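So the structure is just underneath, and the comments pick up after that.
No lab work stands behind these numbers, since they all come straight from the coordinates. Only a predicted model underlies this, so the values are computations on that prediction, with no experimental measurement involved. Because the Cβ atoms are built from the backbone with ideal geometry, glycine has one as well, and the counts that use them run over all protein chains shown.
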Amino acid sequence: MDSPPIRDETVLVTGGAGFIGSHLVDALVPHNEVRVLDSFTTGDRTHLPDDVTVIDGDVRDPIALQQSARGVDVIFHHAAVVSVSRSVDEPRQSNRTNLEASLLLLEQARQEDARVVVASSAAVYGHPEELPLTETAPTNPTTPYGVQKLATDQYTRLYEDLYGLPTVALRYFNVYGPRQQGPYSGVISTFLEQARAGDPITIEGDGQQSRDFVHVSDVVRANMRAATTDAVGEAYNIGTGQRTSILTLAETIRSATGSSSPIVHREPRAGDIRHSSADTSKATRDLGFTARVGLESGVRSLVGDRRERSTDETAGAGLEEPEERFG
Ligand code: UD1
């Protein structure tokens, strides 16, 4: 089953100035009335197109939420404290944003009878018992971030069950792409920065750990499908189904950038998951979703995008072929 594109709706994107949120806003803007609620703590105003209504506020603030959700048809919930390590250091603080605000948002959606698409995470699974991970795999998160995402994911389903609200949770695997920046931004952007600067590429541990890297344009397509699907009250894995080791990733990035940075190893990260990959057959079946961007072309486009950006500040999803963009 495939879903029609979302059109002529009033939508709210929380965290819309952030990495994933801002790409989603770009895809929604041509055919919908778009509002963004963002505190700009990590979000970047320059990533937003002109024709969106921006509410500069915190998702934990009931007034800001009420104001931004008034009359909306669909809410895409991407506001979060995305740093997993910060959730370990300050579990209560990240809980307020990642869980309590999500519940507030679901309540607000109930008032407005709005559809909700929630950014969940592969972190809900913890250490996998089997790969690839299906949505029915055991959920044993290893961090407060994972617990918060799991509870949000469960509330999302429950709001459909109890109140008939059309909700979908998307469990993202390792998302990468243009605009991913900052100290907690993920291994691909870190390695790219290191390679471009000629600094050592720092692998934590032996580099044999692996991840399912999914390009942000694919994540956006999954959101567009989730916005119109009839298969609500469900959680879906969003990844590629392919696993890449961190060592292979380091070599891919070094070669794509033409860098001569040495690859060095340091202490493994405490609590690091060894391997992760998504079984996306449920998303394929219900949302018509399959990832289109492979890691090599995704990394190549990212390298090209950054080269371009040094002369031209405009940056899209960074893929040359239009059919690989949001469709
Ligand atoms: C990522 C997400 C997290 C999500 C989870 C789902 C990011 C920043 N985090 O966590 O939000 O819930 O996937 O599975 O996208 N590494 C290095 N060197 C570095 C940086 C990282 O070797 O400089 C290694 C890490 O030790 C890890 C791997 O790369 O083994 C991936 O790390 P990271 O990009 O931070 O993502 P996850 O921890 O998988």
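Of the GluC sites (Glu not before Pro) found in the stretch 122-225, those in coil by DSSP whose Cβ has at most 15 other Cβ atoms within 10 Å are E129, E130. Computed from point charges on the beta carbon alone (+1 for Lys and Arg, -1 for Asp and Glu), the dipole magnitude for the stretch 206-250 about its Cα centre is near 100 Debye.
As a proxy for reagent exposure, ranking H265, H215, H47 by other Cβ atoms within 10 Å from fewest up yields H265, H47, H215. The coefficient of translational diffusion for the stretch 54-97, derived via Stokes-Einstein from the alpha carbon Kirkwood radius under 4 °C and 1.567 mPa s, stands at 109 µm²/s.
So what is the 222 nm mean residue ellipticity for the chain from helices alone, if each DSSP H run of at least 4 adds -39500 (n - 2.57) and you divide by all residues, rounding to the nearest 500 deg cm²/dmol? Can you show the working numbers first?
On the way: 11 runs with 119 residues, N = 327.
Mean residue ellipticity at 222 nm (helix-derived): -11000 deg cm²/dmol.
Each part gets one Cα centre, and for the stretch 63-91 versus the stretch 238-275 those centres are 30 Å apart.
Two-decimal Rg/Rh of the stretch 1-105 from alpha-carbon positions, Kirkwood Rh? Write down the numbers at each step before the final one.
Working: Rg = 13.9 Å, Rh = 14.0 Å.
Radius of gyration over Kirkwood radius for the stretch 1-105 works out to 0.99.
Beta bridges assigned by DSSP with both partners in the chain are antiparallel in approximately 5 percent of cases.
Rg/Rh for the chain (Cα atoms only, Rh after Kirkwood) is 0.94. Computed over the stretch 103-143, the convex hull of the alpha-carbon atoms projects to a mean area of 3.8 nm². Based on alpha-carbon atoms, the Kirkwood radius and the radius of gyration of the stretch 32-82 give Rg/Rh equal to 0.92.
Relative contact order for the chain: 18 percent, from Cα pairs under 8 Å spaced at least 6 residues apart, divided by residue count.
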